[in-house]
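Novice: Mind looking over this structure? Questions follow.
The values are calculated or read from the model by the stated rules, or taken from the named source; none is laboratory data. These numbers were taken from a predicted model, which means no experiment stands behind them. Neighbour counts are summed over all protein chains in view; Cβ atoms, including those assigned to glycine, are modelled from backbone coordinates with ideal geometry.
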Amino acid sequence: MQTTQTMTDSTNNAISERNNSSQLTVYQPKVAYFCMEYGIDQSLRLYAGGLGILAGDYIKAAGNLKLPMVAIGLMYQYGYYDQIIGSNGQVAIQYSQRHYNFLKDTGVRVTVKIHHHDVKVAAYELPGNIFGTCPLYLLSTNLPENDHLSKSITHNLYEGIQATRLAQEIVLGVGGVKVLRALGIDADAYHFNEGHAVLAGFELINELIEQGYTFEEAQKKVKEKIVFTTHTPVKAGNEEHPLDLMLKMSCFPNTISSEQAESIGGSPFNMTVAGLRLARLSNGVAQLHGDTARKMWNWVEGSSPIIAITNAIHRESWQDPEYKDVKTSEEAVKRKSFMRNELVEYIREQMGILLDKDVMTVCWARRFADYKRPWLILKDKERLKKLLDDKKIQLIFAGKPHPASRDGHELFNDILALSRELPGLVILPGYEIALSRILKQGSDIWLNCPRRPLEASGTSGMSAALNGSLHFSTFDGWWVEGYIPNQTGWVIGDDKVPSSTEEQDEKDYHSLMNTLEDEIIPMFYNDKQEWGRRMLMAKLSAESQFTSNRMILEYYARLYAKYDLVPSL
């Protein structure tokens, strides 16, 4: 186990670096923020997981602080899939058509080329007063003037078909720039949140080429206005496409040759590489992730520098209003008991499963992916069964695999089958904003066990901490900064990366179970005063360091602002 002092030094250094650099500059650049998904409200199903929740919280902070920002996204007719337990007792996918009467048709229609055909794109506005965001413009191809294939481009979030994904990214990037022009919105900075939006950079270059600039001149000029955020360190999460397919799909304007496109994204064309080369400055989403991203992409010639700006969450969206005001250990424990009982009642009503309102509740809830290791706590079934039978813990799982992930769905079904065998273990379908809020408020322990260093940030633990759910995580993502020994939660394993995944899995499993059995469970049942104190410390840490107002001010100060944008004093 890493020494406490080493962990403390690492945490303090990361926090110090961030706090010393997060003062807002005098000038506030006008920002156009592009993202593939937005998790704003349960009613608006335009998100799949952490990226969308982050983006939704981000534009809420922009709205709260009245910053000069607009956001661009896609209006998905069917959104992300609904996750249910089917009639065969296994997890199933279904899609439901949505109609949102609070979206405003701007009347703007623009045309983009997709597979050498003209496709019309409409822009709908989510006004800021609906959910407290900055203005968000959602683009749709579901228009009468489009043929059936073109209408279907914006049907589903994260289509598995590569050509459809590229078509969506043309709509987001190229269509997004054209919509901004049609609305008369100019920007000092274009922020591409992940590689899905990089085709906007090619449209910006195209605009200048049409004005008479060479490709090289246009690229250099556009680079001064683009910033880029990279998220996942997992290779599969960094999109690549055959360059030939992208040319067939009309991903690049006619003014840009295939050789010029390849000089930016390579062949196969990597969207993250393109983002790094198009941008003036890029960032990772936690201090450790910044280090990981710099090492991961150090081979990219012409890459922008990669700094680190730690993700955060929108406090008002996630924190229980009454827990927000607790001041003492006793108040924290009492309020948590109430919230845990609400979670128990929810599970009884939704699943017909009765848990115990007085038993320590451990929750693992996030996207089902192998590197996140939802199975880690299940490695020794008999050891877990004893904890469940003795009512030392009750264990809740929730999360959506990618719709095309066979392994993710099989893993969900395996845990579902195990839940029918082990009383006290539950897996819940439909992990979306509403369920996420209930779990974070009702759980006692928020379990997170990705293989280090593959977790970019893991912001769900921040919103859990806002509600006194103590984080129990591998030393990865934001937890490198949020962990304070004997104060805010517990660490699984250490900061070393073993020579094999098997070795890491084995070490982390024993650390998880030993810490759970020897430290966490005894404290929960035998020292409520200390447990409540740690709940308060976790809450205060999250409130002071990991809320979206801090995050967006840091983006303005460190990523958007440039010396040539700051007027002379």
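Novice: Out of the residues in the range 205-217 that are touching a residue at least 12 places away in the same chain (Cβ under 8 Å) and either surrounded by fewer than 23 Cβ atoms within 10 Å (Cβ to Cβ) or under 21 Å from the mean Cα position of the chain (by Cα) (or both), which is farthest from VAL273 (Cα to Cα)?
Specialist: Pass one, the range 205-217, residues touching a residue at least 12 places away in the same chain (Cβ under 8 Å): 205-210, 215.
Filter once more, keeping what is either surrounded by fewer than 23 Cβ atoms within 10 Å (Cβ to Cβ) or under 21 Å from the mean Cα position of the chain (by Cα) (or both): 206-210, 215.
Numbers: ASN206: 19, GLU207: 22, LEU208: 22, ILE209: 22, GLU210: 25, PHE215: 18 Å.
Restricting to residues being touching a residue at least 12 places away in the same chain (Cβ under 8 Å) and either surrounded by fewer than 23 Cβ atoms within 10 Å (Cβ to Cβ) or under 21 Å from the mean Cα position of the chain (by Cα) (or both), the top hit is GLU210.
Novice: One residue is enough: does the range 252-262 have a residue meeting the conditions surrounded by fewer than 21 Cβ atoms within 10 Å (Cβ to Cβ), of a type in the set (S, T, N, Q) and under 29 Å from the mean Cα position of the chain (by Cα)?
Specialist: no
Novice: Residue by residue through the range 208-244, note down the ones that are at pLDDT 95 or above, part of a loop (DSSP other than H, G, I, E, B) and β-branched (Val, Ile, Thr).
Specialist: Once the filter is applied, which keeps residues that are at pLDDT 95 or above, part of a loop (DSSP other than H, G, I, E, B) and β-branched (Val, Ile, Thr), the range 208-244 yields THR214, THR230.
Novice: Another one. Does MET513 fit the bill of being part of a helix (DSSP H, G or I), touching a helix residue (DSSP H, G or I) at 6+ places or on another chain (Cβ under 8 Å), closer than 30 Å to TYR371 by Cα and without any contact (Cβ under 8 Å) to a residue 12 or more places away in the chain? Break it down stepwise before answering.
Specialist: Numbers: part of a helix (DSSP H, G or I): yes; touching a helix residue (DSSP H, G or I) at 6+ places or on another chain (Cβ under 8 Å): yes; closer than 30 Å to TYR371 by Cα: yes; without any contact (Cβ under 8 Å) to a residue 12 or more places away in the chain: no.
When the stated conditions are applied, MET513 does not pass them.
Novice: I would also like to ask the following. Need pairs with beta-carbon distance below 6 Å; first residue closer than 22 Å to ARG335 by Cα and within the range 352-370, second in a loop (DSSP other than H, G, I, E, B) and basic (Lys, Arg); sequence gap 6+ or separate chains.
Specialist: VAL359/LYS391
Novice: Right, something else. With a cut-off of at least 1 residues that are more than 23 Å from ALA464 (Cβ to Cβ), name the helices (runs of 4 or more DSSP H) lying wholly within the range 275-360.
Specialist: Details: elements: 287-296, 315-318, 329-351.
Correct list: 287-296.
Novice: Still on this model: Confirm whether LEU136 is assigned by TED's automatic domain parsing to the domain that holds PHE34, in contact (Cβ under 8 Å) with a residue 60 or more places away in the chain and either in contact with a His (Cβ under 8 Å, 6 or more places away or on another chain) or crowded, with 24+ Cβ neighbours inside 10 Å (or both).
Specialist: Details: assigned by TED's automatic domain parsing to the domain that holds PHE34: yes; in contact (Cβ under 8 Å) with a residue 60 or more places away in the chain: yes; either in contact with a His (Cβ under 8 Å, 6 or more places away or on another chain) or crowded, with 24+ Cβ neighbours inside 10 Å (or both): yes.
Considered against the rule, which asks whether it is assigned by TED's automatic domain parsing to the domain that holds PHE34, in contact (Cβ under 8 Å) with a residue 60 or more places away in the chain and either in contact with a His (Cβ under 8 Å, 6 or more places away or on another chain) or crowded, with 24+ Cβ neighbours inside 10 Å (or both), LEU136 comes out as yes.
Novice: Here is a check on your reading of the model: is ASN514 at pLDDT 95 or above and either surrounded by fewer than 24 Cβ atoms within 10 Å (Cβ to Cβ) or in the same structural domain as ILE306 (by TED's automatic domain parsing) (or both)?
Specialist: Numbers: at pLDDT 95 or above: yes; either surrounded by fewer than 24 Cβ atoms within 10 Å (Cβ to Cβ) or in the same structural domain as ILE306 (by TED's automatic domain parsing) (or both): yes.
Considered against the rule, which asks whether it is at pLDDT 95 or above and either surrounded by fewer than 24 Cβ atoms within 10 Å (Cβ to Cβ) or in the same structural domain as ILE306 (by TED's automatic domain parsing) (or both), ASN514 comes out as yes.
Novice: Contact list please: Cβ distance under 9 Å, first residue in the range 184-195 and outside the structural domain of LEU559 (by TED's automatic domain parsing), second residue at pLDDT below 95, pairs at least six apart or on different chains.
Specialist: Cβ pairs passing all conditions: none.
Novice: Spot the failing condition for GLY458; the list is (1) at positive phi; (2) modelled with pLDDT of 95 or more, and only one is missed.
Specialist: Tallying (1) at positive phi; (2) modelled with pLDDT of 95 or more, GLY458 fails exactly one: (2).
Novice: Shifting gears a bit: Only one of these is modelled with pLDDT of 50 or more, under 30 Å from SER541 (Cβ atoms) and out of contact with any strand residue (DSSP E or B) (no Cβ under 6 Å at 6 or more places or on another chain): ALA48, ALA62, ALA71. Name it.
Specialist: Numbers: ALA62 fails: out of contact with any strand residue (DSSP E or B) (no Cβ under 6 Å at 6 or more places or on another chain); ALA71 fails: out of contact with any strand residue (DSSP E or B) (no Cβ under 6 Å at 6 or more places or on another chain).
Of the residues listed, the single one that is modelled with pLDDT of 50 or more, under 30 Å from SER541 (Cβ atoms) and out of contact with any strand residue (DSSP E or B) (no Cβ under 6 Å at 6 or more places or on another chain) is ALA48.
Novice: Right, something else. Could you list, ordered by first residue, the pairs with Cβ atoms under 6 Å in which the first is in the range 546-569 and within 23 Å of ASN64 (Cβ to Cβ) and the second is basic (Lys, Arg) and modelled with pLDDT of 95 or more, at least 6 apart or interchain?
Specialist: Pairs found: THR547/ARG315.
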